[in-house]
1. When the residues of segment 176-198 are filtered to those that are touching a residue at least 60 places away in the same chain (Cβ under 8 Å) and over 22 Å from residue 77 (Cβ atoms), which remaining residue is surrounded by the fewest Cβ atoms within 10 Å (Cβ to Cβ)?
2. Across segment 86-97, what is the total count of residues that are in a helix (DSSP H, G or I) and under 12 Å from the mean Cα position of the chain (by Cα)?
3. For residue 37, work out the one condition from (1) under 26 Å from residue 129 (Cβ atoms); (2) buried (at least 18 other Cβ atoms within 10 Å of the Cβ) it doesn't fulfil.
4. For segment 13-84, list the helices (runs of 4 or more DSSP H) that sit wholly inside it and hold at least 1 residues that are at pLDDT 95 or above and under 23 Å from residue 112 (Cβ atoms); which are they?
5. Consider segment 152-167. How many of its residues are surrounded by 14 or more Cβ atoms within 10 Å (Cβ to Cβ) and assigned to a helix (DSSP H, G or I)?
6. Taking segment 98-130, which residues are in a loop (DSSP other than H, G, I, E, B) and out of contact with any helix residue (DSSP H, G or I) (no Cβ under 6 Å at 6 or more places or on another chain)?
């Protein structure tokens, strides 16, 4: 029988303290901790999402017009650190500036961010271990992938001067592999950074 690792002990300790980052920092007492620190951190996550949403990195040579941006990572980390409400707030407000220049693209970004962040946050809220984080990331990625493809099929023909059939023809060779790469990058980076960031913003 192997002894549990230091990481596993720490995670179980975090879960048993009462036992999540969510309960640790939602209290409105302690000199208005919720109303000051929490709002400030939410604002920081939203601002970071806005900045990163303007990053455009081509990652799929077959479709260079599709660009990767890391904003979804911030939505995931916010959800892990503070729960589903944070994921919803960051995943919505983080893309509001795009409404003025690209309303349809902003709508798709918000829907995909919520589909990615909310399931992941709900699962991690219930299973606050690295295993829970992996499950949350995987489930959120599947939901985000489905939302991305569905939104492209329904919304893209409205504003991109493409027919419904043309968009359908892009699913297998372009939309599916691009979004798989996108959510894989989101997931790996989130898994590597979520724990130290969660500890940092909750202390």
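1. 177
2. So in segment 86-97, the residues in a helix (DSSP H, G or I) come out as 86-93, 96-97.
Filter once more, so that each one left must be under 12 Å from the mean Cα position of the chain (by Cα): 86-92.
Count: 7.
3. Unmet condition: (2).
4. On the way: elements: 21-25, 29-33, 39-53, 71-82.
Per the criteria, 39-53, 71-82.
5. First, pick out the residues of segment 152-167 that are surrounded by 14 or more Cβ atoms within 10 Å (Cβ to Cβ): 152-153, 155-157, 162, 167.
Add one more test, that the residue is assigned to a helix (DSSP H, G or I), and what stays is 152-153, 155-157, 167.
The total comes to 6.
6. Within segment 98-130, the subset in a loop (DSSP other than H, G, I, E, B) is 101-102, 127-129.
101, 102, 127, listed by residue number.
The values are calculated or read from the model by the stated rules, or taken from the named source; none is laboratory data. Predicted model, so just to flag it, every value in this text is computed and none were measured. Virtual Cβ from ideal backbone geometry, glycine too; neighbours counted across all protein chains shown.
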